[in-house]
Amino acid sequence: MYETTYHRPSSVEEAAALFAKGSEAKYLAGGHTLIPVMKQRLAAPSDVIDLGKIKDLIGVDVSSDAVTIKAATTHSDVAQSGPAQKAIPALAYLASLIGDPAVRHRGTIGGSIANNDPAADYPAAVLALGATVKTNKRTISADDFFKGLFATALADGEIITAVTFPIPAKAGYAKFLHPASRFALTGVFVAKTKAGDVRVAATGASQNGVMRVPAIEAALKANWSAAALDGVNISADGLMSDIHGSSDYRANLIKVMAQRAVTAAG
Amino acid sequence: MGVEGIGASVVRKEDRRFTTGKGRYVDDIKLMGMTHAQFVRSPHAHAKVKSIDTSAAMKMPGVVAVLTGQQIVDDKVGNLICGWAITSKDGTPMKMGAWPAMAPETVRFVGQAVAVVIAETKNQAKDAAEAVVVDYEELPAAADIRAAIKPGAPQLHPEAPGNVIYDWTIGDEAATDAAFKSAANVVSLDITNNRLVPNAMEPRAAIGDYNEAEEHFTLYTTSQNPHVARLVLSAFYNIAPEHKLRVVAPDVGGGFGSKIFIYPEEMVALWASKKVGRPVKWTGDRSEAFLTDAHGRDHLTKAELALDAGNKITGLRVKTYANLGAYMSLFSSSVPTYLYATLLSGQYNIPNIFAEVISVYTNTTPVDAYRGAGRPEASFVVERLLETAARQLKVDPAELRRKNFITTFPHQTPVIMAYDVGDFGASLDAAMKAIDYAGFAGRKAKAKSEGKLRGIGLSCYIEACGIAPSKAVGSLGAGVGLWESAEVRVNPVGTIEILTGSHSHGQGHETTFCQLVAERLGVPISQVQIVHGDTDKVQFGMGTYGSRSAAVGLTAILKAMEKVESKAKKIAAHQLEASENDIVIEGGMFKVAGTDKSIALPMVALAAYTAHNLPDGMEPGLKEGAFYDPTNFTFPAGAYICELEVDSATGKTSFVNFVAADDFGRLINPMIVEGQVHGGLAQGIGQALLEGAVYDSSGQLVTASFMDYTMPRADDLPSFKLNHTTTLCPGNPLGVKGCGEAGAIGASAAVINAITDAIGNNKLEMPATPDRVWHAIHG
């Protein structure tokens, strides 16, 4: 690891000010991506600004129509939140599948979606549930937030403060584990809004990161059942292909995971 | 057996320090004035080193020295050796290219060191290593066997035209061909034995410490065999003569074979320590472990089995290409030859066997022994063939095996090995009973009705352990003898130290070896200390690998114990005024049989050291040593059966049951044996389902971290059901055979046989990832 200066601000404003002062500053959330690349000397931030101890960024709020997860809330806290489990069980379930216990006790939702790893779990829920990402500057809709591989709509220095998920009528998540990393080899989140809209997002599959799956959305909108997807054909074009899964295998997983997610959603 | 004797599941003594974080590993050692080394490693799989500019690095903070491959060559440090000479079928010796500890001219795999930075701290060394400017001229690379043997392939070493190291054969080719000509049925298979990365929990590390006033070196290193390291470093690498080199291997966190070998980093740490006049420490990180620890396996094989009309096997013909990587590691040549092809008879009476093994250079990390070393590859070939034959002939795979089992012993195979004892039918029976083999058809039908694909797979393995009779291995090309040495020291107050050349790096020797003493003398194991891993303390030793510690190392201790007991009986008899022949040892007491006269071991020991009243002419003291050279290999064998289900929608495999019935001879500590089998099965199942080192065509390791290389985890594995059937090994007085490698040898075939049974398609390579299984089902 190269030399760096570690900061532990107590407010979002202080964090943003520290970022502006640093020559090449980085925010630290759970650190599961940043710390390993720093240890491998692939990243050399001048300043590391730890958001994990900002009290305003921690907590889960549930209202009658939405679940708001503040950005530095750990996956473990989301998975174990009674109100979140009750309001959107699929979301709490997704959090319980991320990494392993050590990861879940450090990793945060803000860190996960800001990094936008193409195989991370949370982006699938954010996109499928049509969540709103709140930052220290604005609110961004899920459809506008994810911009491809490791890319987001966040401006330099912008801090995610919370993610608000509308409570759906039904939602389910099914994940096929990457055998080595335990990210999603492919994970699919299905949601039916209270207004009757269907949104489906797949992670781990596309070369451009998390994506909506229109063919499955259309089929489920017509008939919300696993069987409705039997005839759906998912194209392998644009899907990732590597030693753990070819693109046609991932195309198959999108369909199979979607079916299992629908079954789980009920 | 007593509560702590042979056969007792005594809790491991060493676990107190390991589970409380008090183990002492190489990286825990800090010497006065110690410096830290960081290697500059090649990013290319094949390149000329045109120049190395160290000037900027030398000016970096804390830098003590920057040393290059040319300097180590100029100082006449020897090239790395291969300790087993293999002769090709045309009579020529194996064709070995030079392997300097750091590359002066050409790099041949990603990660090969070209220079080393020595600095005050590890971080300063890392900073400066980035400032070393190496000008490479990239060369085309041959990243796998097929690429290396293609006409016009990039040539790695001038010594080995066409990248072929040797083309070796064993067995009677003409007789085997004749068996195939007259066969009623022939079964053939193309088999890939996937390449594995050992990944011991503790990465390799070394500290070189040169004492100028005494012209003496000390090496602290992660070794399975410190005496072998000293021997090789002195005899071949010109580092120091043996009496001026101490090698210490303290607590070592797993080896699985990968820590047998003497690596460049250890040589450089010693050499650099003299250069800079200070201790030099190198601790590898996980990335370096992936790139530089010797890998395992990596075979391409065509195998054929000939059977007569009655389904008796009449011949086996095998042609294997083995990838040895970019350089020949210490025992690399023996692994795909004498540790592989000699086991191709499996548990079966096969009258004719012929095998050809062609070992090749590729631009990849060197390949050498890894848990099982050659025997897993052999067992996989034989057991996949047997299962395939049963399916082709439409007979029950258990029955086909049983029909061909060797049932009389000793049995001379056509490929050198003489099996001493075994009862293969008993192991198979035990495994079939444990898994309710008879009920499988019903379970498969029920699973099918629920939309699931269920399969069962057998694997009846045999291995050669207790490595090895020195005369025999010498005649086959080994550069060393493979005996073991021991010393038993009874201290004046009766406590005991056992010095052994067997090194413990997870095997539990500090407990099991004490159990022998408890058994013989009736003293508690708390009174016994096992001393190992230091060439200044232990006279000599050949180390730990090949499941040899009990069969060879413990037998050496037994031989020394017998000498100690004999002398102690003489002293006791003298003290008790009885005849030596009447003395019996019971519960720590030397008793005169049939009387109430006795003397306790501590009093005998004290008498030996005070020497006030010893028999006339007897030397004082109570300490004896022994060397033990085995007369044959030992042959652990057993049957593994795996039952599993495959999810046809995703290709994911789920275990239903995995049973093992092993014959290891006498068990010293059944709990430790069980742990060894669990670990071995995890590695065997890991090879079958999860693990695989993959290089891209340019020679970059794609699976260079745990993000891509799938190490088995607890939730990947079933709960194992272990059974034991026992035939005592006649080759050693303890009747032990060895248990360290069995799981890794036998498990893979059982798993692949089960999956291919479940999916009804025999074309499936390891690791059988969900992606591959799904494609096997759906095309």
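Assuming charge only on the beta carbon of Lys and Arg (+1) and of Asp and Glu (-1), the dipole of segment A:5-50 about its Cα centre is about 240 debye to the nearest 20.
With the convex hull drawn around the C-alpha atoms of segment A:128-266, the volume per residue stands at 111 Å³.
Quick one: check the C-alpha center-to-center distance for segment A:1-16 versus segment A:188-243, whole angstrom. Measuring centre to centre over Cα atoms gives 39 Å. Note that segment A:204-217 has calculated 3J(HN,Hα) couplings of x, 9, 8, 5, 9, x, 4, 8, 6, 10, x, 4, 6, 4 Hz, one per residue in order, obtained from phi through the Karplus relation 6.51 cos²θ - 1.76 cosθ + 1.60 (θ = phi - 60°); glycine and proline are x. Do the alpha carbons of any pairs in B:K95/B:K150; B:K89/B:K319; A:K21/B:K126 sit beyond 23 Å of each other, and which pairs? In this structure, A:K21/B:K126 exceed 23 Å between Cα atoms. Listing B:I262, B:I350 from fewest to most neighbouring C-beta atoms within 10 Å gives B:I350, B:I262. Look at the alpha carbon pairs under 8 Å that are at least 6 residues apart: their mean separation over the length of segment A:5-50 gives a relative contact order of 57 percent. Bridging of A:K55 to lysines at a Cα separation below 18 Å is possible for A:K70, A:K134, once same-chain residues fewer than 8 apart are set aside. Got a sec? Charge dipole of segment B:483-628, +1 on Cβ for Lys and Arg, -1 for Asp and Glu; which of B:T495, B:W483, B:A568 is way out at the positive end? With unit charges placed on the Cβ atoms, the residue in question is B:W483. The relative contact order of chain B, computed from alpha carbon pairs under 8 Å that lie at least 6 residues apart in sequence, is 16 percent. The ranking of B:E212, B:E765, B:E487 from fewest to most other beta carbons within 10 Å of each one's beta carbon is B:E212, B:E765, B:E487.
Here B:K13 is the anchor, and the aspartates and glutamates within straight C-alpha reach of less than 12 Å, apart from those fewer than 8 places off in the same chain, are B:E4, B:E510. In this simple spin-label model, placing a label point 7 Å from the Cα along the Cα-to-Cβ direction at both B:N211 and B:T87 gives a separation of 4.5 nm.
For segment B:394-505, lysine pairs with C-alpha atoms less than 29 angstrom apart, excluding pairs fewer than eight positions apart on the same chain, total 13. The charge dipole of the protein assembly as shown, taken about the Cα centre with unit charges on the Cβ atoms of Lys, Arg (+1) and Asp, Glu (-1), comes to about 1880 debye, rounded to the nearest 20. Full extension of the segment from A:A17 to A:T263, taken as 0.36 nm per residue of separation minus the current Cα-Cα distance, would add 83.8 nm. Shape analysis of chain B based on the Cα gyration tensor places the equivalent ellipsoid semi-axes at 41, 39, 23 Å, largest first. Based on C-alpha pairs under 8 angstrom that are at least 6 apart in sequence, segment B:483-628 has a relative contact order of 33 percent.
Between B:N311 and B:K22, the contour length at 0.36 nm per residue exceeds the Cα-Cα span by 98.3 nm. Simple rule: put +1 on each Lys or Arg Cβ and -1 on each Asp or Glu Cβ in chain B, find the dipole, and look at B:M201, B:G111, B:S182; the Cα lying farthest toward the positive end is B:S182.
Of the residues A:V37, A:L18, A:H7, the one whose Cα sits farthest towards the positive end of the charge dipole of segment A:5-50 is A:V37 (charges of +1 on Lys and Arg Cβ, -1 on Asp and Glu Cβ, taken about the Cα centre). Neighbour counting of Cβ atoms within 10 Å sorts the residues B:S258, B:S51, B:S549, fewest neighbours leading, into B:S51, B:S258, B:S549.
Using a cut-off of 17 Å between alpha-carbon atoms, which lysines can reach B:K567, once sequence neighbours fewer than 8 places away in the same chain are excluded? Correct list for B:K567: B:K559, B:K591, B:K623.
Each Lys and Arg adds +1 at its Cβ and each Asp and Glu adds -1 at its Cβ; summed about the Cα centre, segment B:436-561 shows a dipole of about 840 debye.
Where a number appears in this text, it was derived from the coordinates with a stated rule and is not lab data. Model, not experiment: these values are computed from the prediction. Here Cβ is always computed from backbone atoms with ideal geometry, including for glycine, and neighbour counts include all displayed protein chains.
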